[in-house]
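The values are calculated or read from the model by the stated rules, or taken from the named source; none is laboratory data. A quick note: this is a predicted structure, and the numbers were derived from the prediction, not measured. Here the Cβ positions follow ideal geometry from the backbone for every residue, glycine too, while neighbour counts run over all protein chains shown. When the accessible area is computed, the model is the full protein with side chains, heavy atoms only, and any ligands, DNA or RNA have been set aside. Shrake-Rupley method; radii C 1.70, N 1.55, O 1.52, S 1.80 Å.
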Amino acid sequence: MTDRFAFQPGKDLLAFCHIEKAAGTSLIHVLRRVFFLRFAAVRPLRITPDCNFSSADLQTYRRLNPRLACIAGHALVPFNSLQSPDRRILFVTQIREPVARVRSQFKFWRQRMGKGMSARQFLDHPTVSNFQVRKLAGSDDLELAKSHIRSKFLVAGPTEDFDRFLVLLSNALDRPASDFRYARKNLASDREPVDIPDFFDEIARQKNSLDEQLYHWIKDDYFPELINSYRGDFDADLTSLGRANRKHGAGLGPAMDSVYRNGYLKPVTGLIRRMNGLPWAGSYAYQLGNRRDT
C-alpha cells in the first residue's frame, strides 16, 4: 500500500461503500469487531437530493459517537462530496461479477422481500443496469468510477478474493491480518429456490456492460497493483488470516455491540429520521410514502 493512503488513526475515517448484493455483510461484521464501539452502520438522517448519506448526517453521527472511526452503509457513496472538517475520509468497497450480483438481487427480492414481479419486470428495474458504476460515479461514467477508486479508496477488490482483500485492508490500517478473522455471514439459501429463466443472464449481461468492465479492471489490474505494492510478506499474512479463521470465536464483544447498536444508535437515528420526514427504518433518504425498492 502506498504511503499516501496509509490510514492514520484519529485523523482518518474509514468508510465502507456497501454495494447491494456484493457480499458486504461479512465485511461489516469484520469491521464491527475490529473497530468495536468506534464503528457505526449509517443511514441518511435528513432528506437529500440524491437520497444518500451527507456531510450533515456524518456530523450528527459523530456527535452521537465522538470516537467514531469507521462507518458503513448502502447510502455511503464517494461521488457526493462527503466531507468532515477534521477527518480525511478513505473508502473501501467490494465489487461483484455483475450477472451474479443481479441474480442474487432477484433471488433476494423474491425470497426475502416477497416481491412477486416476473424476471422481465425485475430486469427493467433501474437498479439492474450498471448499478455498481453508478454507485461509485453517480452516473454511467466508467472512467469517473475508476478515478474515484484511485483517488478516494483505500482498498477495492472483487468479492471472490475476500481473504486477500482483508489482508490488504489490515496492512493499510497497520493491524495484524489475524485481527480480521471472520465467519461468513448472510450466505444465500436454497431453501426457497427461485426459477431463473434462460434469457435472464444474457439480458443482465447486456444491461451491465460498464459494470463488467469495472469488475475486470479491478480484478485484473487495480487489485493486483495493490498486492504488488504491499508492505511486508503478503503470503505469510494471508496464511496468518487463514489460521485465525480456523480458531474464530465470538467472545463478549457482539453482546456489547448489540446493546450499542440496538439500544442506542438505531432508536436515536430512527427518531431523527422520523422528525425529518423519513421512515424510521431504511438505508436511504426516501421520504415517507415514497420509498423505493432497493
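Distance from the Cα centroid of segment 100-127 to that of segment 225-246 is 36 Å (rounded to whole angstrom). Here the Karplus curve 6.51 cos²θ - 1.76 cosθ + 1.60, taken at θ = phi - 60°, turns the phi angles of segment 222-234 into couplings of 5, 4, x, 4, 4, 5, 5, 9, 5, 8, x, 9, 4 Hz, with x standing for Gly and Pro. Rounded to whole numbers, the Karplus 3J(HN,Hα) couplings from phi for segment 73-83 are x, 5, 8, 8, 10, x, 9, 10, 6, 4, 9 Hz, using 6.51 cos²θ - 1.76 cosθ + 1.60 with θ = phi - 60°, and x at Gly and Pro. The gain in end-to-end length when the residue 147 to residue 265 segment is fully stretched comes to 39.1 nm, 0.36 nm per residue minus the alpha carbon separation. For segment 30-165, a Kirkwood radius taken over Cα pairs fed into Stokes-Einstein (37 °C, viscosity 0.692 mPa s) yields D = 197 µm²/s. Suppose a student asked you for the relative contact order of the chain, using Cα pairs under 8 Å spaced at least 6 residues apart; what percent would you report? It comes to 28 percent, rounded to a whole number. Need one number: the % of Cα-Cα pairs in segment 1-103 sitting beyond the 22 Å mark. Pairs farther apart than 22 Å: 30 percent. Count the lysine pairs in the chain that are 8 or more places apart or on different chains: how many have C-alpha atoms under 13 angstrom apart? For the chain, the number of qualifying lysine pairs is 6. Solvent-accessible area of the chain (1.4 angstrom probe, protein heavy atoms only): carbon and sulfur portion equals 50 percent. For the chain, the extents of the C-alpha atoms along the principal axes are 49, 45, 39 Å, listed from largest to smallest.
Here the calculated FRET efficiency for residue 183 and residue 64, from their Cβ-Cβ distance with R0 = 25 Å, stands at 0.30, rounded to the nearest 0.05.
Extension gain for residue 274 to residue 161 (0.36 nm times residue separation, less C-alpha to C-alpha distance): 36.8 nm. 3J(HN,Hα) couplings calculated from phi for segment 199-206 with the Karplus curve 6.51 cos²θ - 1.76 cosθ + 1.60 (θ = phi - 60°) are, in sequence order, 7, 4, 4, 5, 5, 4, 5, 5 Hz; Gly and Pro show x.
Give me the net charge of residue 85's neighbourhood, meaning all other residues with Cβ under 14 Å from the Cβ of residue 85; Lys, Arg count +1, Asp, Glu -1. Surrounding charge for residue 85 is +3. The residues of the chain present an accessible area of 47 Å² per residue when probed at 1.4 Å with all protein chains retained.
Could you calculate the FRET efficiency of residue 243 with residue 213 from 1/(1 + (r/R0)^6), where r is the beta carbon distance between them and R0 is 30 Å, rounded to 0.05? That gives a FRET efficiency of 0.25. From the helices alone, meaning DSSP H stretches of at least four residues, give me the mean residue ellipticity at 222 nm for the chain, per-run term -39500 (n - 2.57), in deg cm²/dmol to the nearest 500. Estimated from H runs of four or more residues: -12000 deg cm²/dmol.
Annotation: the antiparallel percentage among DSSP beta bridges lying fully within the chain is about 5.
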